[in-house]
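Colleague: Mind having a look at this structure? Questions to follow.
The values are calculated or read from the model by the stated rules, or taken from the named source; none is laboratory data. Owing to the predicted nature of the structure, the values given are computational and were not obtained by experimental measurement. Cβ atoms come from the backbone with ideal geometry, glycine included; neighbour counts cover every protein chain shown. Please note that ligands, DNA and RNA were not included when accessible areas were found on the heavy atoms of the full protein model with its side chains. Shrake-Rupley method; radii C 1.70, N 1.55, O 1.52, S 1.80 Å.
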Amino acid sequence: MDLNTFLSLQDEEVAPLVRADGPKVCACPINGTRRWYLLEHASQSGSIQENGYLEAVLGKYLEIFQLMFAHGLDTILTPIFGPDLLSRGETYTEVAIHGMRALVTDPQFLEFVHTHQVRVRFYGDYVRYFRETRFDFLIDLFNDLTTQTLHHSRSRLFWGV
């Protein structure tokens, strides 16, 4: 197949080609979301927390994940938070805590994982870092979402924390 033919294919035609050699896994470290948001929404004043930053980023994540799954990927690994981010200060940490809570409680995200039968898991040392801190509540939220999606079998999404 030549490049022009491939580029003209619909999503449902691409996915079988991608899956032809077996399951596909993609590590997708998304970085620069604050910079992206500020560029895309430069006309807004105020802090990014006040102007829908988390909602915009989550919506973009879902758009990207939907495209990747539609094109035949089976598993996506996406690191979202590491201990090095704690050094960015209290304001950043608060946004990160709110963002991680949104990942597991946002109705748009929950609809996405249930509609598309996405099994969600969390990987990393988050229990060690979060236990007995103000992040502790996230452990239960992560476990609850993992349990809710255990029966989903179409795709898998691993959040790295």
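Colleague: Show me 107-115, 29-37 ranked by packing, highest mean number of other Cβ atoms within 10 Å first.
Modeller: 107-115, 29-37
Colleague: Can you list residues whose amide H is under 5 Å from L157's amide H, if they're 5+ apart or on another chain and H is modeled 1.01 Å from N?
Modeller: Hits under the 5 Å cutoff: I76, R119, V120, R121.
Colleague: OK, next. For the stretch 27-134, what is the convex hull (Cα atoms) projected area averaged across all directions, in square nanometres?
Modeller: So the Cα hull casts an average projection of 7.7 nm².
Colleague: Right, something else. What's the local net charge at I80, with K and R +1, D and E -1, over the other residues with C-beta under 15 Å away?
Modeller: Cβ neighbours under 15 Å give a net charge of +2.
Colleague: Choose one answer from G72, G22, G89: the residue with the largest mean-square fluctuation in a GNM of the chain with alpha-carbon springs under 10 Å.
Modeller: It is G89.
Colleague: Roughly how large, in nm² to one decimal, is the mean projection of the convex hull of the alpha-carbon atoms in the stretch 85-161?
Modeller: Its average projected convex-hull area is 5.1 nm².
Colleague: So, one more: Please identify which residues in the stretch 69-90 have an amide N closer than 12 Å to a label point set 7 Å out from the Cα of L9, following the Cα→Cβ vector.
Modeller: 71-73
Colleague: What percent antiparallel are the DSSP beta bridges of the stretch 25-161, to the nearest 5?
Modeller: Beta bridges within the stretch 25-161, antiparallel portion: roughly 0 percent.
Colleague: I would also like to ask the following. Put H151, H41, H98 in order of accessible area, largest first, 1.4 Å probe: what do you get?
Modeller: Descending accessible area places them as H151, H98, H41.
Colleague: Before anything else, pin down the relative contact order of the stretch 102-158: Cα pairs under 8 Å, at least 6 apart, normalised by residue count, whole percent.
Modeller: Once normalised by length, the contact order is 50 percent.
Colleague: Give the relative contact order (percent, whole number) for the stretch 21-161; include only Cα pairs under 8 Å separated by 6+ residues.
Modeller: Across the stretch 21-161, relative contact order equals 30 percent.
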